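Worksheet: one structure, shown below.
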Amino acid sequence: MTAPTADASQPAVHYGTPEAPRIAVRGEARLEVDPEIARIGITVAARGRDRRSALDDLTRRNAGVLDLVKTYGDAVERLETGAFSITPELTKHGRGERVRTYHGSVRVTAELTDFTALGELTTRLADLDLTRVDGPWWALRPDSPAHREARKKAVHEAVQRAREYADALGTTLSALVELADIGAESTPPAYPQAPGRMRSAAFAGGPEDTPAPLDLEPQRQRVHAQINARFTMVPPQL
């Protein structure tokens, strides 16, 4: 039988030794940049005495909203239709369950990159009957250069910090052992709390239900990167 080699018989060492001391540091970077996209939510509603009329009216209104948004061309990066519903409203008085009317709604989400077009579009949408506009929600693209820049700055800070500790010990770094992205699995919510919203008067319940005006001032986005790094050092002469 062949004897195991030294490498195979010895477990991997995950900690420092006197011959190869290790140092663990953390690097962070925080940036504040302009947003790249703005998301708005559009809710279209319809009413009808029967299900078919409510559905037809809702389909017509929804098509009108989609056509309007599409007229802005390249300013709209993404447009999608979401939740759809037709709900009966029962009479409050009388015997038995009788349907008084049907309420329909459909949700549309639009992402825009032209913030000048955003202001005009939201105003035109809010002027439509039974149409509500929520947002905007400002964001960066997942592949935004801002994320890459923050990660680079975090790594540079970790390396600089490790070199300063090594220098204080009268030695130098030898090799990088591990680099871990602490924030790799944390993602911001797609739709954070909107700063304001705008609705057409036809959708509101009355003067007391009038919402705050839509805030279209782009909000600066905070980008945070955080990493842990481990290095081996040349044994210091203490």
Check: Using only Cα atoms, what is the ratio of the radius of gyration of the stretch 27-161 to 2.2 N^0.38 Å?
Finding: 1.54
Checklist line | Cα-based radius of gyration of the stretch 120-167 once divided by 2.2 N^0.38 Å, which approximates compact folds | finding: 2.31
Next item on the list: At q = 0.17, 0.27, 0.28 Å⁻¹, work out log10 I(q)/I(0) for the stretch 27-72 with the Debye formula, treating every Cα as an identical point scatterer and leaving solvent out; two decimals please.
Entry: -0.65, -0.99, -1.02
Checklist line | Most to least accessible of ARG220, ARG61 (protein chains only, probe 1.4 Å) | finding: ARG220, ARG61
Check: ASP114 to ILE182: FRET efficiency via 1/(1 + (r/R0)^6), r the Cβ-Cβ distance, R0 45 Å, to the nearest 0.05?
Finding: 0.80
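Between GLN237 and GLU32, how high is the FRET efficiency from 1/(1 + (r/R0)^6) when r is the Cβ-Cβ distance and R₀ = 41 Å? Nearest 0.05.
Numbers: r = 44 Å, r/R0 = 1.07.
For GLN237 and GLU32, the calculated efficiency is 0.40.
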Check: What is the gain in length, in nm to one decimal, between THR81 and TYR165 on full extension, counting 0.36 nm per residue of separation less the C-alpha to C-alpha distance?
Finding: 24.7 nm
Checklist line | Heavy-atom accessible surface of the stretch 55-169: percent carbon and sulfur, 1.4 Å | finding: 47
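The values are calculated or read from the model by the stated rules, or taken from the named source; none is laboratory data. A quick note: this is a predicted structure, and the numbers were derived from the prediction, not measured. Using ideal geometry, Cβ is built from the backbone for each residue, glycine included, and neighbour counts are taken over all protein chains shown. To get the accessible areas, we keep the full protein, side chains included, count just its heavy atoms, and leave off ligands, DNA and RNA. Shrake-Rupley method; radii C 1.70, N 1.55, O 1.52, S 1.80 Å.
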